[in-house]
Amino acid sequence: MKTRAFLAALVALSTLPAIAEDGFTPLFDGKTMTGWKNAYDWGKIEVKDGEIHLTGEKKFFVITEKTYSDFVFEGDILLPEGKANSGFMFRAHVEPNKVFGYQAEVDGDANRKWSGGLYDEGRRMWFISPIKGNKESEDAFRARAGDAFKRNDWNTYRITCQGKKLKIEVNGVVTTDVEDAMDASGVIAIQHHGEKGATYKFRNLRIKELK
């Protein structure tokens, strides 16, 4: 009887939802775009094999319906071949056919290597990490990021926001760790940069809200 009870307890533990273990909640169920919407009048969204595929001819962002303030966000991205650029927006703001604010850079330029930088979309641009045109800032960023980003493979981003503290990690490497008080809350968004015929792929999007 004791053995049976022990086995039953093991089975019960094994069926607990994953979010109970680490506090994360999925933002993408792998089958539908529930909880997301296209902030633009253009752009195509498809769900295939547990992934979000974005295609189009002009830049657009797909945003969460919910806003977030303090959190840890994780997501995987695979850039298309050729010229490509993307990012994970966070604490972002939305207007008709416009999304602006913080963006964790996904840089397809193998020479520039600014993946994991903090870009201010539609506002200050490269004003934070690195500071564009400031050689010391650019060199320091590349030294931190190194070869963390894999150009032709899936890359995992982790973004932590707590108050004015903002941290970005790429494949476990801290690329940006700064303080900035411009935005306290907003949506999370994924980006298609607008290259015709290119497919941007995303998966494993999840979040843990901090209190």
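The values are calculated or read from the model by the stated rules, or taken from the named source; none is laboratory data. Since this is a predicted model, take the numbers as computed values, not measurements. Using ideal geometry, Cβ is built from the backbone for each residue, glycine included, and neighbour counts are taken over all protein chains shown.
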**Search result, residues across the stretch 52-61 that are among the basic types (Lys, Arg) and either part of a strand (DSSP E or B) or out of contact with any His (no Cβ under 8 Å at 6 or more places or on another chain) (or both)** = 58
**Complete:** In the stretch 8-51, anything modelled with pLDDT of 95 or more, of a type in the set (Asp, Glu) and not in a loop (DSSP other than H, G, I, E, B) is listed as 46, 51
**Fill in**
Looking across the stretch 95-119 at residues that are hydrophobic (A, V, I, L, M, F, W, C), crowded, with 19+ Cβ neighbours inside 10 Å and over 13 Å from the mean Cα position of the chain (by Cα), the single one that is farthest from residue 167 (Cα to Cα) is 99
**Asked** When the residues of the stretch 111-168 are filtered to those that are of a type in the set (A, V, I, L, M) and without any contact (Cβ under 8 Å) to a residue 24 or more places away in the chain, which remaining residue is nearest to residue 95 (Cα to Cα)?
**Response** 125
**Fill in**
Selection from the stretch 46-66 of residues touching a strand residue (DSSP E or B) at 6+ places or on another chain (Cβ under 6 Å) and of a type in the set (Val, Ile, Thr) yields 52, 55, 62, 63, 64
